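Chemist: Handing you this structure, nothing more for now.
All of the numbers you see were taken from the coordinates with simple rules; none came from a lab. Model, not experiment: these values are computed from the prediction. Using ideal geometry, Cβ is built from the backbone for each residue, glycine included, and neighbour counts are taken over all protein chains shown.
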Amino acid sequence: MGIRITFIFAFLSFGIDARPISYSGGSTIMAFSDNMKNSIYYHYSPSYKYSIGIEDIRDKYFNEDYSYARFTYLINRENTKFSQRNLYFQSGLSSKGFNNYFYGMHGDWETRRLFVGFGLKKTEKKIQDYLEQSYQIGVAPYLGDYGDLHTWVMLKSKKNSLENKWSTYPVLKFFKGNTLMEIGYHQRTNLDFHLMYRF
Amino acid sequence: MRKILLLIIFTSITWAENPHDHMTYFNEDHLHEQLVDGKKLKVDPIRFNKFVMGVTDSQIAVVNVKGMVCDFCARGIEKTFTKDPNVKKIDVDLSSGKVLIAYNKGQEIKFDDIKEKILINGLNAIDMTIINL
């Protein structure tokens, strides 16, 4: 059970939080699915510095439905000519009540060729609390032009306090125009799918 | 020899007759030489020619942007500028970190306005060069 939960959160933390804030006035809708959970997350960014949104979750494992009212804030960003570095604060309050919420940090640094990211997330639940940490590196095998199909080959590694074991697995990320798709595979969870559209 | 000298003189005169801010965009060397701020422009001439194809009576703002490392992140720039009725065309060049914006000729181009539009997308415009077509 712990292993499966860990995989869920690993993909949620790295997939959904990969682009946690849009441009000013922009909206993003994301869908996530694996053998454990389906999730749909919509967020709106009044400013490039923060986003507010709703994440609706169908938890297959615990057989329950709940939602998170989410808030993400850009703590720090450094733009250079060849790179961008971001540090975000993320939080969510569950529809299950005030005793159910999460908060954490998410950071990344990327050039057109390389990507490095991390995530720390504490989930407070009435029954059980979780602490997750995750790290990600990626490389773009080719540099596409604006409007082209872009591809990233990534490696993710994470640990959840529920099972206290590291798991590492490959992920492919594709994006073209306003659409982004991530596919990850692990022998236990089979295919994980994450789709994002920004408008 | 005399013919060569005459050719050089003729070329020099033709070159000198061009206004300082009016760039001949078919030659990369020209792009590098005739800059308002004196900096190297480094615009891909093929890309630039493709961009200005069919664009007439216009001026092109070439904006140098920091942090534009990702196509998905730069999408907002295109959306923001295409809402501006004075903008005829826009192109994002990820490889050089530049945004090309075609405005109507005679339209006043304010760098502060462009800077603000880039900033609301979370990126930073650091300088701009205007090329008259």
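Chemist: May I ask for the Rg/Rh ratio of the range A:58-196, computed from Cα atoms with Rh as the Kirkwood radius, given to two decimals?
Modeler: Details: Rg = 16.7 Å, Rh = 16.9 Å.
Taking Rg over the Kirkwood Rh, I get 0.99.
Chemist: Placing +1 at every Lys and Arg Cβ and -1 at every Asp and Glu Cβ, with all other atoms neutral, what dipole size does chain A have around its Cα centre, in debye to the nearest 20? Could the numbers behind the result be given before it?
Modeler: Values: 25 positive and 18 negative charges, 56 e Å.
I would put it at about 260 debye.
Chemist: Okay, next question. Provide the packing ranking of A:78-85, A:170-177, i.e. peptides ordered by the mean count of other C-beta atoms within 10 Å per residue, highest first. Don't jump to the answer; show the numbers that get you there.
Modeler: Working: A:78-85: 15.6, A:170-177: 17.1.
Put in order of decreasing packing, that is A:170-177, A:78-85.
Chemist: First measure r as the distance between the Cβ atoms of A:E163 and A:I29, then evaluate 1/(1 + (r/R0)^6) with R0 = 25 Å and state the FRET efficiency to the nearest 0.05. If you can, show how the numbers build up before the last one.
Modeler: Values: r = 31 Å, r/R0 = 1.24.
About 0.20, to the nearest 0.05.
Chemist: What residues of the range A:133-154 lie in the reach of a label at B:I126, counting those whose backbone N is under 13 Å from a point 7 Å from the Cα along Cα→Cβ?
Modeler: Backbone N within reach: none found.
Chemist: Give me the count of lysine pairs in the range A:118-185 whose alpha carbons sit under 14 angstrom apart, restricted to pairs 8 or more positions apart or on different chains. Provide the component values of the computation, followed by the final result.
Modeler: Details: A:K121/A:K158; A:K121/A:K159; A:K122/A:K158; A:K122/A:K159; A:K156/A:K165; A:K156/A:K173.
The result is 6.
Chemist: Which residue, A:G107, A:P46, A:S91, has the largest displacement toward the positive end of the dipole of the range A:2-174 when charges sit on each Cβ (Lys, Arg +1; Asp, Glu -1)?
Modeler: Positive-end residue among those listed: A:G107.
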